1. What's the FRET efficiency of GLU181 with MET280 using the Cβ-Cβ distance as r and R₀ = 35 Å, to the nearest 0.05?
2. For labels at SER104 and SER214 in the simple 7 Å Cα→Cβ model, what's the distance in nm?
3. Between SER64 and SER435, what length in nm is gained on full extension when 0.36 nm per residue of separation is reduced by their alpha carbon distance?
4. To the nearest 10 Å², what's GLU269's accessible area with a 1.4 Å probe?
5. Kindly report, to the nearest 10 Å², the accessible surface of MET396 as traced by a 1.4 Å probe over protein heavy atoms only.
6. Mind grabbing the accessible area of ARG369 for me, 1.4 Å probe, Å², rounded to tens?
7. Could you check the spin-label model distance between SER272 and TYR76? Points 7 Å from the Cα along Cα→Cβ, value in nm.
8. Could you run the Karplus curve 6.51 cos²θ - 1.76 cosθ + 1.60 with θ = phi - 60° over the range 365-373 and give me ³J(HN,Hα) per residue in whole Hz, x for Gly and Pro?
Amino acid sequence: MKAFGGKALISSVILALLTLSIVPLATLAGSTGTTTTATQTTTSTSQEVNLTEVAEVMVSKVKSLIGWVNNTIETYNISLPTPLHKALNKSVSILRNATALISSDPKAAIHESMKAAQILMPVVRYVSTALPTQYRVVLKGWALQRALQEKEEVVERMEKVLNYLGNKSIKVPSEISEAVEEAQTSLEKARQYLQEGNVSEAARMLGNANRNISKAFVIFKHGVTREWHAAVIAEAAIKHFGINVGKLAFFTNRTINMIEENRTADAEEALSHLANVSGMLVTRLGELEKKVNINSAGYKVINESETVAEIINNASVKALKALQENNTELAILILQDALNKIKPIIHELIVQANWTHGKLKWIQGFVERMRSKAAEAMKHRLAWIGKHPMVGKGLMNLKNLLTSLNHAYRRGLITCSTYKEALINIQSRIKDTMSKGNMPPQVKMLLNNILKNIGNELNQITCSNP
């Protein structure tokens with residue numbers, strides 16, 4: 001184990017030398033003039049402290065390395081050639097001088113410790129090669145053990161990536177899977193040989209594993225990286241999609257409740273928040289979409305998620321405006337309409353993004369429940385038709401509602417299917433009211449005219465969208 005410590009110390013010395021190479025020359029050379037300001041004095045003192053710390057580390061490292069050499073020589077009875085014995089003694093002497101200079105002249109201490117390390121290197125190399133064969137085999141076995149563990153972790157990560165891509169319906173070249181499988185087989189054989197003490201065969205199997213891992217990486221880089229990138233982005237898009245649709249359903253529920261409780265101001269605040277959040281998500285999804293090739297497997301998922309975000313943003317803005325104009329029925333219809341539009345997209349995403357099937361199915365159920373609630377809320381809002389059929393204000397409100405719905409449909413605020421569903425609900429409510437009798441002839445005539453107009457409108461519109 002000491003040999004590993006020695007190699008680590010050598011690396012540390014070299015690292016320290018590299019570190020010293022970037023220290024400003026002015027610092028190493030020292031001040032050539034007289035310090036004239038307090039700032040210069042402070043800077044000089046700071047540099048001196050830093051150099052002292054570097055000197056202490058350098059001296060400590062070389063001292064430990066000399067200690068390893070002496071201990072190894074004594075433990076394994078290694079005889080140094082005369083030139084190397086002299087080099088070792090010289091290195092010890094120089095390091096002793098470096099130690100004495102740390103406090104008074106750290107620059108000189110650093111220089112001397114570097115010199116001692118340089119003189120010591122041939123001794124370290126000789127001692128390392130002079131170790132008994134059995135000990136070197138043990139060291140090699142330990143090194144192989146660590147390397148084997150590292151490569152097993154690499155293969156494990158690659159297998160996780162391949163499984164991830166498979167779950168995202170991304171086609172992976174068979175060469176990658178084959179290379180990973182061969183690497184795994186070689187690693188298993190290497191571990192078996194290592195347990196049997198056959199270090200050379202273990203090393204050969206580890207080499208085979210390395211070649212297959214490298215092969216898999218090369219194929220992956222050129223053939224799958226972009227698809228993998230798209231899959232990661234698609235997953236982020238689905239996450240945003242879930243957040244956005246969940247918020248739409250949640251705030252639709254809150255808005256309906258607040259409207260029913262005559263808390264219009266609170267409902268407006270809720271819709272304003274939804275508009276802000278969905279607006280930010282439209283921007284974010286748009287940025288994600290730009291990073292993905294249009295032909296990639298994940299593009300459709302990202303594009304559909306962005307479409308949903310836009311539907312929600314438009315609906316929340318329009319519903320907010322309807323509420324501000326005191327048109328609560330239209331606000332509910334707009335939210336219901338957004339849920340209607342999203343329904344088939346969720347169904348499509350369940351097929352496209354099958355890796356998150358469970359989450360999307362839950363969202364689908366949540367949206368369906370809110371669609372039903374919005375439809376029920378709309379029927380409840382139309383209850384006044386039956387309660388006040390003979391009051392002029394009630395008939396006027398009915399005409400205004402129909403005009404508002406027609407304008408909303410013509411302006412694209414609600415889809416054909418939502419408009420048609422609302423007309424059918426109103427038609428049903430009027431017929432139910434008229435069937436109860438006890439209605440003045442003039443009111444009945446007005447309601448018949450309204451029914452006729454609704455019938456004509458339903459006959460004229462043809463809904464091609466869901």
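1. Numbers: r = 45 Å, r/R0 = 1.27.
Efficiency at R0 = 35 Å is approximately 0.20.
2. Inter-label distance under the simple model: 5.5 nm.
3. Values: separation 371, 0.36 × 371 = 133.56 nm, distance 10.40 nm.
123.2 nm is the gain from fully extending SER64 to SER435.
4. That residue has around 130 Å² of solvent-accessible surface.
5. The accessible area comes out at roughly 110 Å².
6. For ARG369, solvent-accessible area is about 130 Å².
7. 7.9 nm
8. Here the 3J(HN,Hα) series is x, 5, 4, 4, 5, 6, 4, 5, 5 Hz.
The values are calculated or read from the model by the stated rules, or taken from the named source; none is laboratory data. Everything numeric in this text was worked out from a predicted model, so none of it was measured. Cβ sites come from the backbone with ideal geometry, for glycine too, and all protein chains shown count toward neighbours. Heavy atoms of the whole protein, side chains included, go into the accessibility calculation; ligands, DNA and RNA do not. Shrake-Rupley method; radii C 1.70, N 1.55, O 1.52, S 1.80 Å.
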